[in-house]
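Contents: one structure, followed by commentary.
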Amino acid sequence: MKRNILVTGGAGFIGSHVVRLFVNKYLNYNIINLDKLTYAGNLANLRDIEDKPNYTFVKADITELYEMRRIVKEYKIDGIIHLAAESHVDRSIKDPFTFARTNVMGTLALLQAAKEYWESLPEKYEGKRFYHISTDEVYGALELTHPEGVPAPFTTKASSMDDMAYGTEFFLETTKYNPHSPYSASKASSDHFVRAYHDTYGMPTIVTNCSNNYGPFQFPEKLIPLFINNIRQGKPLPVYGKGENVRDWLFVEDHARAIDLIFHEGKIADTYNIGGFNEWKNIDLIRVIIKTVDRLLGNPDGHSEKLITFVTDRLGHDMRYAIDSRKLQSELGWEPSLQFEEGIEKTVHWYLENQKWMDNIISGEYERYYEEMYKNK
Ligand code: NAD
Ligand code: DAU
């Protein structure tokens, strides 16, 4: 079936993997990538598919309702996968307003534009879908009841080397929202608006909440790409607090595969948690990264350990995130494709092989390129 799918935030980290997957897999779909190209958006993430006939890029800001109305109508959009957002917790602590504007008002503008367009059609909401990508951070933080780790109660292909859990509780789809950072508060608010558009107007919506992603094309302000790059350059590795916080890591292509499955087969008005049962204490993960980068660079084992630098903790730093994704696994048959060891190896390898991509970001080269490109538009 021919479809016109709008992916917002498609020039960002996860969005670019979603766009690539859909463009390559669904030759009968038109994939419209809508992105404002903030500091986090980078069209170099999509070089391999940018000339495909079923791909279109539109530079636009989701907070501009008139623009959203125009675009949704002009491209006859029948499905939306909404990833555009401000996504970095540290930035949200410094500038919460930008997060409220983009994540809350932007999501609302997109919902409203889709509502008006879809309600104007004879078939109305039939065959339409508004899929909102959210985060596990909306659920708040879990306690570290087992700081040394206990055998994880669920095992999947993505389990970590030691297969550990650091607490007995996990985030379920039914866990009460309890966001702590301005970022997670803005995402929680946007989730509520999406559900409200279903409950009030009957819009066919779906929300998913995913754990920490890692993999190629992640902006190097986030832990894994930042640390890989700093090790390469012999720079300090700023570990917040004591490095005891726990995150649950999923390879980004596995998230993109889950999004594909849920977009097509997920139940309207439902929520799915996405995660790989792959908990890591920051300091342990950092040691794995150091080991892998050192090995691939030909440094002696332990060479870059000296770069570890404990710094002041993030304000309100959530202690532990751990997703229970059994609903997605049992209802839709999704499971992560990679063992964590393979995922980290692939990721480190990619960043070391693509130093130019990283260097362009760090030097600001890529932003200057867009300023030039869009100067007269
Ligand atoms: P990212 O910061 O790498 O990319 C965000 C993209 O959105 C960028 O391309 C940016 O230019 C675009 N954007 C920002 N503001 C915009 C606006 N006003 N209008 C149009 N485009 C705009 O983020 P990411 O890590 O790829 O995350 C994507 C989505 O997934 C976000 O909604 C995030 O909350 C969610 N999420 C991320 C993770 C993760 O670990 N990275 C985990 C779970 C959920
Ligand atoms: O859980 C999903 C979330 O994961 C997404 O919703 C967010 O968009 C995404 O950015 C990510 O949030 P985190 O705050 O968990 O990711 P970050 O990479 O910023 O940090 C991971 C952990 O590492 C966290 O405990 C903070 C710590 N950290 C981070 C940085 C950047 C450090 O110790 N030092 C650092 O320099």
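The values are calculated or read from the model by the stated rules, or taken from the named source; none is laboratory data. Remember, predicted model here, so these are calculated numbers, not experimental data. No Cβ is skipped: glycine too gets one built from the backbone with ideal geometry, and neighbour counts run over all protein chains shown. SASA here: full protein model, heavy atoms, side chains in, ligands and nucleic acids out. Shrake-Rupley method; radii C 1.70, N 1.55, O 1.52, S 1.80 Å.
Worth pointing out:
- In the range 14-43, the residues that are closer than 18 Å to E253 by Cα, open to solvent by 30 Å² or more (accessible area, probe 1.4 Å) and not in a loop (DSSP other than H, G, I, E, B): I14, R20, L21, N24, K25
- Picking from residues in the range 105-121 that are within 13 Å of K76 (Cα to Cα) and not acidic (D, E), the one that is surrounded by the most Cβ atoms within 10 Å (Cβ to Cβ) is A114.
- Residue in the range 208-216 that is surrounded by fewer than 19 Cβ atoms within 10 Å (Cβ to Cβ) and either touching a residue at least 24 places away in the same chain (Cβ under 8 Å) or polar (S, T, N, Q) (or both) present: no
- Contact map, the range 233-251: residues that are away from ligand 1 (no atom under 16 Å from the Cβ) paired with residues that are open to solvent by less than 10 Å² (accessible area, probe 1.4 Å), Cβ distance under 6 Å, separation 6+ or inter-chain. Pairs shown: L237/F227.
- Selection from the range 67-89 of residues that are open to solvent by 30 Å² or more (accessible area, probe 1.4 Å), part of a helix (DSSP H, G or I) and either over 23 Å from V19 (Cα atoms) or more than 13 Å from ligand 1 (Cβ to nearest atom) (or both): R69, R70, K73, E74
- For the range 199-239, the tally of residues that are away from ligand 2 (no atom under 13 Å from the Cβ) and out of contact with any strand residue (DSSP E or B) (no Cβ under 7 Å at 6 or more places or on another chain) stands at 9.
- Residue within the range 92-100 that is in a helix (DSSP H, G or I) and within 19 Å of A196 (Cβ to Cβ) present: yes
- Among the residues making up the range 231-247, those that are under 24 Å from N45 (Cβ atoms) and either of a type in the set (A, V, I, L, M) or open to solvent by less than 20 Å² (accessible area, probe 1.4 Å) (or both) are I231, R247.
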